[in-house]
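Everything below concerns the one structure shown next.
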Amino acid sequence: MPVHSTCLGFPRIGRRRELKRALETYWAGRVTADHLLDTAARIRREHWTAMREAGLREVPVGDFALYDHVLDAAVLVGAVPARYAIVDDPLARYFAMARGLQRPDLGIDLAALEMTKWFDTNYHYIVPEIAAGQTFRLDATSLFQQLDEARAPGIESRPVLLGPVSFLRLSKSLQDHTAGATPLDALPALLPIYEELLGELASRGVTVVQLDEPSLVLDLDDRACAAYRTALAALAETPSRPRLQLTTYFGALDDNLDLALASGCDALHVDLTRGASDLEAILTRLPRTMSLSMGVVDGRNIWRTDLDRAHALVHRAVDALGTGRVVVSSSCSLLHVPIDLASESHLDTELASWLAFAVQKLSEIAAVADAADAPVPPDTPAFAAARAALASRRASPRTTRSEVRARAAAVDASMEGRSEPFPARAAKQAARLHLPLLPTTTIGSFPQTREIRDARAAWRDGRMRGPDYTRFLRDAIRHCVERQEALGLDVLVHGEFERTDMVEYFGAELDGFAFTEHGWVQSYGSRSVKPPVLYGDVVRRRPMTVDWSRFAQSLTTRPMKGMLTGPVTILQWSFVRDDQPRADTCRQIALALRDEVADLEAAGLAIVQVDEPAIREGLPLRRQDRPAYLNWAVAAFRLATSGAASDTQIHTHMCYSEFGDMLPAIAAMDADVLSIESSRSRMELVEDFATFSYPNAIGPGVYDIHSPRVPTVDEIAALLDRAAAVIPIERLWVNPDCGLKTRGWTEVEAALANMVAAARRKREAVELTPRA
Ligand code: GLN
Ligand code: ZN
């Protein structure tokens, strides 16, 4: 009996990002809903065709979503917040939840639901809201329709459902948290909906359901464990239901393994790229009634699978369980990788031979499943090609540079710390920089106008000559510096007009990175990112930012900040090599940045900012793994920055996350000045500083750049007052939440004028108050 093969889900955006175009033109009112829905149906058909052609035996259905799969789950169970009921049309209501809806003519002004990161990925999901006394109602219209579409001879379709416990844990409770309320309170009301759905699916001839419970790989408290026991038992006991595949991913089950094994489900899926440590325990303890779905092909990275290794794992399971109880699959949904390597025409053949995107991963799965029975890995073309690719990657001089290795090995503690402590540095910097109390600055980027994007496109495709493009950028910098001086800002920036993206720019300047043409990965809704491929040892060929920063400094007597992206963020937002520890790769990036900091200093820049917006998202899912990560991440930042002289001021910036639980690590980075997002949460972060006293200077963001709204002087002054209540005023800076590149100049100038005015007002108030 052959071993079954499948994948947990497929990227949704379409090979040419057709979904993006369809969504955005639909939102703009330029195409009909039917056009959008037809495009979506065509994309789904393409997925199933690709899976069939690769030879998979079972396809997921319901893994697709027009905007987000957690939002789909909320709609499926009727967890639609009451305020959206004002929108009649279901599709319009769905997008109102995802993006907000303003129709003054109809008296509608709805904000979007919150959005946050999906586990430790760079995908953002919509956070469902669970109200006090929340009721649910099954609305499976869309899922049933997709099931009908998927019906095809000879291939089984497996509906994908986000399980009830993970769904609630990913939601937010609108009840009073102080009273101990959590979204899990709604579980008894929610379970009957799942039971009803399972019954409906069985009556439609569905034989197996994929119940996604990724929360099973997290640290669970007693309540969550109890919720799992109740929920899984209830679902397993549903009369006449399809087989249930309890599906986990992104880590090992570890201490939650017993919950999964005792669930009463008919199959268990585990992520063996991250949780291989579970395998032996599973093979000895898996109940006879359960089969095992093995995630051996990585859904989180783009490297070709070591098929021999995958075969060894699968064959081991076949030996222990028999072919009928083993399924070969992807580790998680393939949502997190680009679609098809065949779309890449610019990658050199050697590098391309090392990679596998979603379509290629389907074939890898099929190859491993076909060979599962064989005691030794076969010599089929698929296995031979995988072996050859791996050997070429191991032997390639492009991945290993001895000078980089030697330098990284020679790093010692003295390179990971500034030569003097903060107070001594602060005194020297004050003497050099002459900044006022409450210095004002921005985060780095200024509006990337149409004009700038057009010029970059013209230069890229050869319509604008290099020297003309340089002149154009210099004019943009000059204009930006003039405006900042006119606004009265104290520490200036050059504006980052030469960068499309803060990671791509540095990746392109460093050896060891490659860029794809179509390697897009969904970030949220219609938005995608194209992470660089970090395949080899990292070498800085030449100074990367010095010319721009030196030029910008030459235009003004005020201090100009040199502007770099930090080592952890470059690592986090790339597809990272898997042939050495991430910590080692990060250290190499840090060394390259350390040289850049030195060159900026030598060029006369007295301030260098090294942004680390992604430092929080690298935090491992399990608490026990966090200290090790924070150790090397903080060390990498310190290695990048601590070669700076005491009178050079190092800034860093963080955003997009809640940082309250990692303030000690942030302090350990020892930047002289930290600018950090806080205004969206109305300075909730600042409350954390009441208990943790941050030792260096800090600028909690006082202007929410995510909104086109211009904050008033009074609002900003009020935020400054809140910050000043917990942070000594001598160490307080005044700045926006993040870079300004997505905003327009008019609103930016108005907002910054108000920010400067608020800082001045506060300065005067302090100077009038006699010191105790
Ligand atoms: N310096 C960058 C900018 O201003 C920081 C961006 C970010 O934090 N994501 O655009
Ligand atoms: Zn930011």
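Whole-Hz Karplus values for segment 498-510 come out as 7, 10, 7, 8, 6, 9, 4, 4, 6, x, 5, 8, 10 Hz, taken residue by residue from phi with 6.51 cos²θ - 1.76 cosθ + 1.60 and θ = phi - 60°; glycine and proline positions read x.
Across the chain, how large is the tail of the calculated P(r) beyond 50 Å, expressed as a percent of all Cα pairs?
On the way: 52065 of 297606 pairs.
Across the chain, Cα pairs with separations above 50 Å total 17 percent.
Grab the other residues whose beta carbon is less than 13 angstrom from that of E416, score K and R as +1, D and E as -1, and report the net. With Lys, Arg at +1 and Asp, Glu at -1, the net is +2. Extension gain, T470-R52: 0.36 nm per intervening residue step, less the Cα-Cα distance, totals 145.4 nm.
In plain terms, the chain from V766 to E517 could stretch by 84.2 nm, reckoned as 0.36 nm per residue minus the Cα-Cα distance. Packing around the peptides 576-585, 409-418, taken as the average count of other Cβ atoms within 10 Å per residue, puts them in this order, highest first: 576-585, 409-418. The alpha-carbon atoms of segment 73-187 define a convex hull whose volume equals 141 cubic angstrom per residue.
Per-residue 3J(HN,Hα) values for segment 71-82, derived from phi via the Karplus relation 6.51 cos²θ - 1.76 cosθ + 1.60 with θ = phi - 60°, read 4, 4, 5, 4, 5, 4, 9, x, 8, 9, x, 3 Hz in sequence order (x marks Gly and Pro). Its alpha carbons give segment 8-99 an Rg and a Dmax of 14.5, 46 Å.
Please list 752-762, 184-194 highest first by mean number of surrounding beta-carbon atoms within 10 Å per residue. Mind dumping the intermediate values first?
Values: 752-762: 20.9, 184-194: 19.0.
Put in order of decreasing packing, that is 752-762, 184-194.
Within a straight-line Cα-Cα reach of under 18 Å, K20 can be paired with the following aspartates and glutamates, leaving aside sequence neighbours fewer than 8 residues apart in one chain: D34, D38, E46, D63, D68, D72, D340, E517.
Summary of the geometry: segment 563-636 and segment 210-225, compared by the centres of their Cα atoms, lie 31 Å apart.
Annotation: the residues E504, E730, sorted from fewest to most other C-beta atoms within 10 Å of their own C-beta, follow the order E730, E504.
Convex hull of alpha carbon positions in segment 154-290: directionally averaged projected area 9.1 nm².
Here segment 547-685 is treated as an ellipsoid with the same Cα gyration tensor; its semi-axes, largest first and in whole Å, are 26, 19, 12. Summing +1 for each Lys or Arg and -1 for each Asp or Glu among the other residues whose beta-carbon sits under 12 angstrom from that of S173 gives -1. When Rg and Dmax are taken over the Cα atoms of segment 235-327, they come to 13.3, 43 Å. Against the chain, whose longest principal axis is taken from its Cα atoms, helix 222-236 shows a tilt of about 30°. Using only the Cα atoms of segment 604-739, each taken as one equal point scatterer with no solvent, compute I(q) by the Debye sum, divide by I(0), and report log10 of the ratio at q = 0.12, 0.21 Å⁻¹. Debye intensities relative to I(0), on a log10 scale: -0.48, -1.32. From its DSSP helices (H runs of at least four residues, each -39,500 (n - 2.57)), the chain gives a residue-normalised ellipticity at 222 nm of -13000 deg cm²/dmol. Here K741 is the anchor, and the aspartates and glutamates within straight C-alpha reach of less than 12 Å, apart from those fewer than 8 places off in the same chain, are E496, E498, D501.
In this structure, the amide hydrogen of T400, modeled 1.01 Å from its nitrogen in the peptide plane, lies closer than 5 angstrom to those of D537, counting only residues at least 5 positions away or on a different chain. Dimensions of segment 63-139 based on its C-alpha atoms, expressed as ranges along the principal axes with the largest first, amount to 40, 26, 24 Å. For A645 and T557, the difference between the fully extended length at 0.36 nm per residue and the C-alpha to C-alpha distance is 29.6 nm.
On a 31 Å Cα-Cα criterion, which of the cross-link pairs K561/K762; K530/K561; K172/K762 come out too long? Correct reply: K172/K762. In whole percents, the pair-distance distribution calculated for segment 477-616 from its alpha-carbon pairs, binned every 5 Å from zero, is 2, 10, 18, 20, 18, 13, 10, 6, 2, 0, 0. Once Rh for segment 1-159 is found with the Kirkwood sum over Cα pairs, what is the Stokes-Einstein diffusion coefficient at 10 °C and 1.306 mPa s, in µm²/s? Taking Rh from Cα pairs, D becomes 92 µm²/s.
Ordering S329, S392, S678, S203 by the number of other Cβ atoms within 10 Å of each residue's own Cβ, fewest first, gives S203, S392, S678, S329.
Over the chain, Cα pairs under 8 Å with separation of 6+ residues give a relative contact order of 11 percent. Modelled this way, with points 7 Å down the Cα-to-C-beta line, the labels at L437 and S396 are 5.8 nm from one another.
To the nearest µm²/s, what D does Stokes-Einstein give for segment 534-588 at 37 °C and 0.692 mPa s, using the Kirkwood radius over alpha carbon pairs as Rh?
On the way: Rh = 13.4 Å.
For these conditions, the coefficient is 245 µm²/s.
Relative contact order for segment 647-765: 27 percent, from Cα pairs under 8 Å spaced at least 6 residues apart, divided by residue count. Give, to the nearest whole percent, the P(r) tail of segment 479-543 beyond 14 angstrom, counting all Cα pairs. Of all Cα-Cα distances in segment 479-543, 69 percent exceed 14 Å. Return the tail of the calculated pair distribution for segment 398-528, meaning the percent of Cα-Cα pairs more than 19 Å apart. Cα-Cα pairs of segment 398-528 separated by over 19 Å account for 71 percent. Where the centroid of each part is defined by its Cα atoms, how far is segment 283-322 from segment 23-86 in Å? With segment 283-322 and segment 23-86 each reduced to a Cα centre, they are spaced 30 Å.
Sorted on the mean count of surrounding Cβ atoms within 10 Å across their residues, most packed first, peptides 82-94, 603-615, 484-496 read 603-615, 484-496, 82-94.
Residue order for T323, T440, T273, T557, fewest other beta carbons within 10 angstrom first, comes to T557, T323, T273, T440. The Cα-based radius of gyration of segment 280-393, divided by its Kirkwood radius, gives an Rg/Rh of 1.01. The ellipsoid that matches the Cα gyration tensor of segment 381-439 has semi-axes, each √(5λ) in whole angstrom, of 50, 16, 9, with the longest given first.
Read the figures in this text as sums done on the coordinates, not as results from a lab. The shown structure was predicted, so the numbers you read here are calculated from the model rather than taken from an experiment. Every residue, glycine as well, gets a Cβ built from its backbone with ideal geometry; the counts of neighbours run over all protein chains shown.
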